[in-house]
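This report refers to the structure that appears directly beneath it.
The values are calculated or read from the model by the stated rules, or taken from the named source; none is laboratory data. Only a predicted model underlies this, so the values are computations on that prediction, with no experimental measurement involved. Because the Cβ atoms are built from the backbone with ideal geometry, glycine has one as well, and the counts that use them run over all protein chains shown. Note: accessible area is taken over every heavy atom of the protein model, side chains too, but ligands, DNA and RNA are not part of it. Shrake-Rupley method; radii C 1.70, N 1.55, O 1.52, S 1.80 Å.
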Amino acid sequence: MRKLTNQQRLMAGAAATVILLGGGFAVWSMTQKPEAAAEAHGEEEGEHGATEALEMDAARIQAAGIVLEPVGSGSLSAEVVAQGTVVATPQGQAVLAARADGVITRVSLRLGDSVRAGQTVALIESREASTIAAERSAAQARLTSARQALAREQRLFDAQITARQDLEAAQTVLAEAEAESRRTASAAAAARVSGDGRSTGVVSPISGRVTESNATLGAFVTAGTELFHVANSNQIEIQAAVSAADAGRIAPGDRASITLPEGEVQATVRSITPGVDAESRAATVILNVSGVGGLRPGQAISVRIFTRDGQASGGVSVPEEAIQTVEGREVVFVRTATGFVPAPVMVGQRTAGRAQIISGLSAGQTVATRNAFLLKAALGAGEVEH
């Protein structure tokens, strides 16, 4: 059967393509829009005929799982690709340990539960807690007695019954009682002594989720035993390993990108370690992340760091999966106000899942990356290649 050209197929009335996606249907209509295509690419119609535009709204793009990515400036040779790990910031993780020897009498949270800053997650019945509570009570009683004694001496001194040294002695006793009361109160607060004076509390200093739990009801633990780990997934950073040569090309403030199933996550280089690891011979680059959706502490990811010298040299690159072959031409699908337009491109070198675009794209345009083959299938109108 003779293969029809795009122009003939459009003129024959092929107005829509239906593609089955995960048990549902997404309908994309194809219309001939030579003016829009010429405006998008700055070209007149050539030997390939009119450009086809795929009409597709944002809801259908999301339903199809098509990921969009803005085209950034920077040559491919200047991109540093590195493997990184998501870690919690110093303020985003905490170890909850026993404050005193004793028996665990209550466990309030389990692995994965949410916790608030200041929340008590476990109680430990402890003899040390009882001792601290008793000292606090005794100090409070001495403070009350010292205040009463000073008031009495003040009245006697005002009535010229007692000497000044008696009043000054009472003032000294009160100052000592106040200092002892503050000391015992601080000790009780540090040990998280409960109101009844029998237990110490295990309290979380941050909000987050319990990532590790070693507390067993009824178990005897010693002071310093780690019982819980808590992490806040919104306070994270990326630690990426790069070679010593690449570390010399990277500077604080350089832009970086992380590709996730949900899309691109932007990051910025915060710092680079001055030395390299003795075993891996790699330097560590610390990245601050803007928008942490989809990232979890401990997750391994791939990071692209755009060095400043590469951004100045010009050129653009896209993920290799964004490049599709249509009728023998390599194209990428550029996002428009109503859908997508296939833009013919000239591809240069390819490395680490990226491809250099020599011509056909400019920085600032948005292209389809993941699942771009679905747009190619829609454009094929029945000549789908899996």
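Cβ-Cβ distances below 6 Å connect the following pairs, each with a first residue in segment 219-235 that is touching a residue at least 12 places away in the same chain (Cβ under 8 Å), a second residue that is open to solvent by 60 Å² or more (accessible area, probe 1.4 Å) and part of a strand (DSSP E or B), and a separation of six or more residues or different chains: GLU226/VAL95; HIS229/VAL95; HIS229/THR211; HIS229/GLU212; ALA231/GLN93; ALA231/THR211.
State whether one or more residues within segment 297-309 are basic (Lys, Arg) and free of Cβ contacts under 8 Å to residues at least 60 places away in the same chain.
Here is the first cut: in segment 297-309, the ones basic (Lys, Arg) are 304, 308.
Right, trim to free of Cβ contacts under 8 Å to residues at least 60 places away in the same chain and you get 308.
Yes - at least one qualifying residue is present in segment 297-309.
Taking the conditions (1) open to solvent by 50 Å² or more (accessible area, probe 1.4 Å); (2) outside any strand (DSSP E or B); (3) touching a strand residue (DSSP E or B) at 6+ places or on another chain (Cβ under 8 Å); (4) among the charged types (D, E, K, R) in turn, ASP246 satisfies each one other than (1).
Yes/no matrix, rows are residues, columns are (1) within 14 Å of GLN235 (Cα to Cα); (2) open to solvent by 30 Å² or more (accessible area, probe 1.4 Å):
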position: THR259; (1), (2): no, yes
position: GLU264; (1), (2): no, yes
position: VAL269; (1), (2): no, no
position: ILE272; (1), (2): no, yes
position: ALA282; (1), (2): no, no
position: SER290; (1), (2): yes, yes
position: LEU295; (1), (2): yes, no
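Here VAL203 fulfils each of the conditions (1) within 18 Å of VAL115 (Cβ to Cβ); (2) buried (at least 18 other Cβ atoms within 10 Å of the Cβ) apart from (2). Exactly one residue out of ALA170, ALA117, ALA179, ALA159 is at pLDDT 90 or above and more than 48 Å from the chain's Cα centre (by Cα): that is ALA170.
Sort through SER145, SER137 and tell me the only one that's open to solvent by 60 Å² or more (accessible area, probe 1.4 Å), closer than 21 Å to GLY201 by Cβ and part of a helix (DSSP H, G or I).
SER137
In the set (1) in contact (Cβ under 8 Å) with a residue 60 or more places away in the chain; (2) surrounded by fewer than 18 Cβ atoms within 10 Å (Cβ to Cβ); (3) more than 30 Å from ARG350 (Cβ to Cβ), THR85 fails one condition alone, (3). Scan segment 178-207 for residues that are under 16 Å from VAL95 (Cα atoms) and free of Cβ contacts under 8 Å to residues at least 40 places away in the same chain and the total you get is 0. If I filter segment 290-297 for residues that are aliphatic (A, V, I, L, M), at pLDDT 85 or above and out of contact with any Gly (no Cβ under 8 Å at 6 or more places or on another chain), do I get at least one hit? No - not one qualifying residue is present in segment 290-297.
Anything in segment 88-114 that is touching a Pro at 6+ places or on another chain (Cβ under 7 Å) and modelled with pLDDT under 90? List them, or say none.
ALA88
For segment 110-131, a residue qualifies if it is among the aliphatic types (A, V, I, L, M) and surrounded by fewer than 21 Cβ atoms within 10 Å (Cβ to Cβ), and the qualifying residues are LEU111, ALA117. Report whether or not VAL316 is open to solvent by less than 30 Å² (accessible area, probe 1.4 Å) and at pLDDT 85 or above. It is false that VAL316 is open to solvent by less than 30 Å² (accessible area, probe 1.4 Å) and at pLDDT 85 or above. Which of the residues spanning segment 324-344 are open to solvent by 20 Å² or more (accessible area, probe 1.4 Å) and within 19 Å of PRO70 (Cβ to Cβ)? Of everything in segment 324-344, those that are open to solvent by 20 Å² or more (accessible area, probe 1.4 Å) and within 19 Å of PRO70 (Cβ to Cβ) turn out to be GLN324, ARG335, THR336, ALA337, THR338.
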